[in-house]
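Worksheet: one structure, shown below.
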Amino acid sequence: MKLQTFTNLNYILVSAFIYAIVAVSFYLAVEHVIYDEVDTRLLVEKSDFENFVDRHGYSETSFYFVEDKLDVNPASAPSPVVFTDTILQHRYDARSVPFRQVSFDKEIGGKLYRVSIRKSLIESNHLLSVITIVMLVVLCAGLSLLNWFQQRSSKRLWKPFYDALSKAQEFNIHHGDKLTLPPQKIYEFNELNSALNKMTEKIIGDYQNLKEFTENASHEIQTPLALINSRVEGLIQDSSISGKHVRWIQDIHESALRLSKLNQALLLLAKIDNGQYQAAEAVDLNKVLHKHLDKMEELFSLRSIQVSIDKNEPFNAMINPSLADILVSNLLNNAVKHNLRNSGFIAISVAKNKLTVVNTGLPLTVEPSKLFERFQKQNASTGSLGLGLAIVKKICEISQLGLQYHYDDGLHTISVTKSVVAATDEYLTSTYNISIQ
Amino acid sequence: MKVLIIEDERILAEGITNHLVKEGFLCEVVHSYADAIPKIHLYQYDCIIIDINLPDGIGFDLIKALKTARSTAGIIVISARNAVEDKIKSLDLGSDDYLTKPFHLPELNARIKSIMRRRNYGGANEIEFEEIRINYNARKVFVYSSEVALSKKEYDLLMYFLANKDIALTKASMAEHLWGENADMVDSFDVLYSHVKNLRKKLTEKGARDYIQTIYGIGYKFSKN
């Protein structure tokens, strides 16, 4: 619910409630005033009646013109003066007419009478209803007008807020642009805007620092590694070193190389994360694939892996060309690395929207859901860094490609699809879909 | 052959120098941009090795300076920056090659020699090693004047061996030479092994001596002895 809708609704509810109370109390007040007036007049008429009776005595006829409005009955015991509402039949038609009456005792000719003087309330009631209706109409109009005005003014009032909100939603850390929201007349919005401006500036700055740090740290690591390698290579040339030490040196050498590869792979992931590979262009993944297949031919034959291509259509994806290279090469390397020692095969199919690599291999030892995470290794003893598929996933993520893994009866299937949501029907049962936004 | 090494890491510079001196290069080393400037203006070198990140300047400016001075020296950039842009930039500026740290010293050696060959250093287009003769313009290999049919990788391997005679070559450096920086290809050592085996077989079949020595646990050495 929008803030404006909420406040408007609140405003309408509260004002309706208040107006209802106002209306009721106004009605009661007017009614009270009318009764007060009628009662005063009845008392005046009572005095008039008493004066008249005292001066002229009482006879039925003398009060004929006020028939129905005067009732004189003999009374047995004295009772106090009371005002009551009553309804009487109209003289000429059958209408019931509301009356106000005052009843009092009066001695006429030594005998006690109960006298009631009445006044029709019909005009007063009419007046009351007219007043009430007019009041209701005016109040309703006022309420609507106020509400309309309030809506308009709050829309104008909140505009800077909604502007800031939409700008904040569009804010993308990778673009490196901080928010520049204009100053506002209203203090709170002005504060909000300047806070957002400062905050995004700081975020961008920190992010920039972090990126630089990651890259610098990685470069700084490369230099000592280069030193280690150059020294170790020097040692290797030294023929005076004995067999055992040669092995140690070799271990140092390999570890240093591995460290450097690891560092490079992590740096690549960091760079992709930092959006340094955002320049995408249309790349035919099929072409990239064939380039790599040619390169790896000797490897396939050495490992006696049969490679078959079932479908061979162009697959144009919007992707950074360097990343496309890495993506395909990692997929193929993965298919070779985890293939069977002998008699394995790799089946590749490239359709318009989908690249699938199927390879034979032992069942997974890691959970399928973790397959694409960093440092998840199928076999700890292989020289694998455990980053290949993590890089594949990262590349798919930033290139808006879908990525699926599926294992069935000794066959590992990894598919890269063009649309992120394209679920592959044939694998619905046991496919692990990695949700990529 | 004179080589100038511009590298601020003294140990690395020393390692490079030691290696290249063994190969018969005449090496001079400077550790800063300021020291490099007079050197490149005063003397002629056949090859200059430039580190991009120097404490007091950037190596790209040295390449520019060399090009303005119409230097004919071959330029190899070494850098810890693996960024593609840096590589492209240094090649655009006119350097002949680019190596990312950490690199293998035999690789650097092979690259220098390759540049020298491309510049036709010494006027020849053939390398001879005992009974083996290589015409590197035609990419043909002869043993006692009969041609040996080598695959591309075998040829590259032989060239790498010849660029690094009498040097123990690690398998890692050889694999990287053959398959480039993304040589983390699985089992590249197995493939390497089969290439070495084939090369050895093809050369000896034509009557060449077996110069490829296996160094246990490390790799190979191409040597007369």
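The values are calculated or read from the model by the stated rules, or taken from the named source; none is laboratory data. Here the structure is a predicted model, which is why all the values come from computation and not from measurement. Neighbour counts run over all protein chains shown; Cβ positions are idealised from the backbone, glycine included.
Please verify whether A:Leu401 is away from chain B (no Cβ under 14 Å) and closer than 25 Å to A:Gln264 by Cα, treating the condition exactly as stated. It is true that A:Leu401 is away from chain B (no Cβ under 14 Å) and closer than 25 Å to A:Gln264 by Cα.
From the list B:Leu203, B:Leu199, B:Leu162, the one residue that fits, being within 14 Å of another protein chain (Cβ to nearest Cβ) and at pLDDT 90 or above, is B:Leu199. Among the residues making up region A:351-369, those that are assigned to a strand (DSSP E or B) and away from chain B (no Cβ under 14 Å) are A:Ala351, A:Lys354, A:Leu355, A:Thr356, A:Val357, A:Val358, A:Thr360. Scanning region B:136-182 for residues that are in a strand (DSSP E or B), more than 23 Å from B:Tyr98 (Cβ to Cβ) and of a type outside the set (Asp, Glu) yields B:Lys140, B:Val141, B:Phe142, B:Val143, B:Ser146, B:Val148, B:Lys165, B:Ala168. In the set (1) in contact with a Gly (Cβ under 7 Å, 6 or more places away or on another chain); (2) within 25 Å of B:Ser79 (Cα to Cα), the condition left unmet by A:Gln222 is number (1). So how many residues does region B:22-41 have that are under 19 Å from B:Asn109 (Cα atoms), of a type in the set (A, V, I, L, M) and crowded, with 17+ Cβ neighbours inside 10 Å? Summing the residues that are under 19 Å from B:Asn109 (Cα atoms), of a type in the set (A, V, I, L, M) and crowded, with 17+ Cβ neighbours inside 10 Å in region B:22-41 gives 2. So B:Ala172 ticks every box in (1) in contact with a His (Cβ under 8 Å, 6 or more places away or on another chain); (2) over 30 Å from A:Gly386 (Cβ atoms); (3) within 12 Å of chain A (Cβ to nearest Cβ); (4) among the hydrophobic types (A, V, I, L, M, F, W, C) but one. Which box is left unticked? So the condition that B:Ala172 fails would be (2). Annotation for region A:111-123: at least one member residue is touching a residue at least 12 places away in the same chain (Cβ under 8 Å), over 55 Å from the mean Cα position of the chain (by Cα) and assigned to a helix (DSSP H, G or I). There is no residue in region A:184-195 that is of a type in the set (S, T, N, Q), within 14 Å of another protein chain (Cβ to nearest Cβ) and not in a loop (DSSP other than H, G, I, E, B). Quick check on region B:155-170. Is at least one of its residues among the basic types (Lys, Arg) and within 30 Å of A:Val232 (Cβ to Cβ)? Yes, that holds for at least one residue. On the stretch given as region A:40-57, residues that are in contact with a strand residue (DSSP E or B) (Cβ under 9 Å, 6 or more places away or on another chain) and either among the hydroxyl-bearing types (Ser, Thr, Tyr) or modelled with pLDDT of 90 or more (or both) total 0. Among the residues of region B:18-51, just one is facing chain A (nearest Cβ under 10 Å) and among the polar types (S, T, N, Q), namely B:Asn18.
When A:Ile348 is tested against (1) within 13 Å of chain B (Cβ to nearest Cβ); (2) crowded, with 18+ Cβ neighbours inside 10 Å, just one condition goes unmet, and that condition is (1). Just so you know, in region B:80-101 the residues that are in contact with a helix residue (DSSP H, G or I) (Cβ under 7 Å, 6 or more places away or on another chain) and more than 14 Å from B:Asn53 (Cβ to Cβ) include one that is farthest from the other protein chains (Cβ to nearest Cβ), and it is B:Gly94. A:Tyr27 falls short on exactly one of the conditions (1) at pLDDT 85 or above; (2) exposed (fewer than 11 other Cβ atoms within 10 Å of the Cβ); (3) hydroxyl-bearing (Ser, Thr, Tyr), and that condition is (2).
Across region B:1-13, the number of residues qualifying as surrounded by fewer than 19 Cβ atoms within 10 Å (Cβ to Cβ) and away from chain A (no Cβ under 14 Å) comes to 2.
The residue list B:Val21, B:Val30 contains one member that is over 17 Å from B:Pro102 (Cβ atoms) and under 20 Å from the mean Cα position of the chain (by Cα), which is B:Val21.
Residues checked against (1) touching a Phe, Trp or Tyr at 6+ places or on another chain (Cβ under 8 Å); (2) at pLDDT 90 or above; (3) buried (at least 19 other Cβ atoms within 10 Å of the Cβ):
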{"site": "B:Gly15", "(1), (2), (3)": "no, no, yes"}
{"site": "B:Leu20", "(1), (2), (3)": "no, yes, yes"}
{"site": "B:Ala65", "(1), (2), (3)": "no, yes, no"}
{"site": "B:Ser79", "(1), (2), (3)": "yes, no, yes"}
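Close contacts from region A:214-227, counting a first residue that is in contact (Cβ under 8 Å) with a residue 40 or more places away in the chain and a second that is assigned to a helix (DSSP H, G or I), with Cβ to Cβ under 6 Å and a gap of 6+ residues or different chains, come to A:Thr214/A:Ala270; A:Ser218/A:Asn263; A:Ser218/A:Leu267; A:Ile221/A:Asn263. Which ones in region B:206-225 are within 15 Å of B:Ala163 (Cα to Cα) and more than 14 Å from chain A (Cβ to nearest Cβ)? Selection gives B:Tyr211, B:Ile212, B:Lys224. Please indicate, with yes or no, whether at least one residue in region A:197-218 is within 9 Å of chain B (Cβ to nearest Cβ) and either out of contact with any Pro (no Cβ under 8 Å at 6 or more places or on another chain) or not hydroxyl-bearing (Ser, Thr, Tyr) (or both). Yes, some residue in region A:197-218 is within 9 Å of chain B (Cβ to nearest Cβ) and either out of contact with any Pro (no Cβ under 8 Å at 6 or more places or on another chain) or not hydroxyl-bearing (Ser, Thr, Tyr) (or both).
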